[in-house]
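K.L.:
Sharing a structure with you now.
The values are calculated or read from the model by the stated rules, or taken from the named source; none is laboratory data. Here the structure is a predicted model, which is why all the values come from computation and not from measurement. Cβ atoms come from the backbone with ideal geometry, glycine included; neighbour counts cover every protein chain shown. The area values use the complete protein model at the heavy-atom level, side chains included, leaving out ligands, DNA and RNA. Shrake-Rupley method; radii C 1.70, N 1.55, O 1.52, S 1.80 Å.
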Amino acid sequence: MNEEDPEVISDFYVYVHKDSRTGIPFYVGKGRGNRAYDCKLRAAGWREVVDELHGDYDVEIVNNNLLERDAYELEADLIFKLGKKCDGNGPLINRTDGGKNELGNIGICIKVPALQEAYDKTTCIILKGTERKEFAHTLAQALKLKLAEIANIYEDNIEDEVYEDIEIIIGSLEDEVKEFSRQRISCKDICFALGETIEDLEYILESEEIDKKQTLLFIKEAIEELTLMRNKISYKKE
């Protein structure tokens with residue numbers, strides 16, 4: 001039985017659907033074969049827009065002959081640049097930030113309005129397959145080492161408030177990484193969680209009275225390492 005390997009097949013492409021009258025894009029997708037021109041297997045939101053346009057829309061192939069992972073990256077990049085209606089920053093009716101693994105994720109539960117706004121503004125690159133597994137493994141190992149380091153610093157006083165705060169912050173991120181590796185939360189979720197962890201550590205650095213110089217160094221190094229990890233999957237806003 002021969003199965004196509006998306007890592008070597010390079011006939012994927014990224015396309016945009018546009019209003020023929022105005023040229024304004026309303027949908028970005030990734031596909032192969034006749035996918036860009038298919039009108040049947042579409043979500044209700046897409047059909048509503050096309051009905052409003054009386055079927056008068058254009059199809060633009062942005063790039064083709066791509067590996068699937070490259071198609072996903074370009075799709076996510078275009079969605080970010082053009083913006084989505086549901087985020088209030090663009091014309092696209094896309095409901096996700098792009099990428100197969102981003103569909104159906106349970107996601108991080110956010111109840112605080114200010115944090116929800118920060119989450120909505122989080123943008124990321126979509127990691128799939130091996131890339132996702134490698135990122136999750138690298139991050140999990142880094143957090144495991146960090147927890148061991150801070151435990152070693154406070155081995156004589158594990159009830160210290162600073163130690164407890166740091167352990168909770170890093171431990172919470174470790175839990176999110178486990179969910180991410182199981183594909184139960186999205187790349188956007190883990191990118192946001194990394195950002196929140198960095199901010200929490202920066203808050204301790206600025207506001208807590210830290211008696212141990214080792215802790216100051218530990219927090220600074222942790223922030224630096226986590227920032228590097230976050231930068232691997234986050235888009236930079238121009």
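K.L.:
Where does the chain land at 222 nm, in deg cm²/dmol rounded to the nearest 500, when only DSSP H runs of n ≥ 4 count, each adding -39500 (n - 2.57), divided by all residues?
P.N.:
-17000 deg cm²/dmol
K.L.:
While we're on this one: What would the Debye equation give as log₁₀ I(q)/I(0) for the range 9-58 at q = 0.15, 0.23, 0.30 Å⁻¹, counting only Cα atoms as equal point scatterers?
P.N.:
Values, matching the q order: -0.40, -0.87, -1.28.
K.L.:
Can you sort Y203, Y27, Y13 by 1.4 Å-probe accessible area, starting with the largest?
P.N.:
Output order, biggest surface exposure first: Y203, Y27, Y13.
K.L.:
Heavy-atom accessible area of F12 with all protein chains present, probe 1.4 Å, nearest 10 Å²?
P.N.:
My reading of the accessible area for F12 is about 10 Å².
K.L.:
HN-Hα J couplings of the range 28-40 from phi, Karplus 6.51/-1.76/1.60, θ = phi - 60°, integer Hz, Gly and Pro as x?
P.N.:
Running phi through 6.51 cos²θ - 1.76 cosθ + 1.60 with θ = phi - 60° gives 10, x, 10, x, 8, x, 9, 3, 4, 9, 6, 9, 8 Hz.
K.L.:
Another question about this same structure. Using Cα atoms only, what is the angle between the long axis of helix 213-233 and the major principal axis of the chain, expressed in degrees (0 to 90) to the nearest 10?
P.N.:
Rounded to the nearest ten degrees, it is 10.
K.L.:
Give me the Kirkwood hydrodynamic radius of the chain, using the inverse of the mean 1/r over all pairs of distinct Cα atoms, in Å to one decimal.
P.N.:
20.1 Å
K.L.:
If you don't mind, another one. Could you give the accessible area per residue of the chain, probe 1.4 Å, as a whole number in Å²?
P.N.:
Result: 58 Å² of accessible area for each residue.
K.L.:
Using the Cβ atoms and a cut-off under 12 Å, what net charge is assigned to the surroundings of E224, where Lys and Arg are +1 and Asp and Glu are -1?
P.N.:
Computed value for this residue: 0.
K.L.:
With an 8 Å Cα cut-off and a minimum separation of 6 or more residues, compute the relative contact order for the chain in percent.
P.N.:
Taking the mean separation of contacting Cα pairs over the length of the chain, I get 17 percent.
K.L.:
I would also like to ask the following. Tell me the angle of helix 187-207 to the major Cα principal axis of the chain, expressed in degrees between 0 and 90 and rounded to the nearest ten.
P.N.:
It works out to around 30 degrees.
K.L.:
Roughly how big is the chain's charge dipole about its Cα centre, with Cβ charges of +1 (Lys, Arg) and -1 (Asp, Glu), in debye to the nearest 20?
P.N.:
1420 debye
K.L.:
Looking at this model, which pairs from K133/K188; K146/K220; K133/K178; K144/K220; K121/K178; K30/K232 are more than 19 angstrom apart at the alpha-carbon? It would help to have the intermediate numbers written out before the result.
P.N.:
Working: K133/K188 15 Å; K146/K220 12 Å; K133/K178 11 Å; K144/K220 17 Å; K121/K178 23 Å; K30/K232 22 Å.
Over 19 Å Cα-Cα: K121/K178; K30/K232.
K.L.:
How large are Rg and Dmax for the range 136-225 when calculated on the C-alpha trace, in angstrom?
P.N.:
In order Rg, Dmax, the Cα atoms of the range 136-225 give 13.1, 40 Å.
K.L.:
Calculate what fraction, in whole %, of the accessible area of the range 189-231 sits on carbon and sulfur atoms when a 1.4 Å probe is rolled over the protein chains.
P.N.:
46 percent
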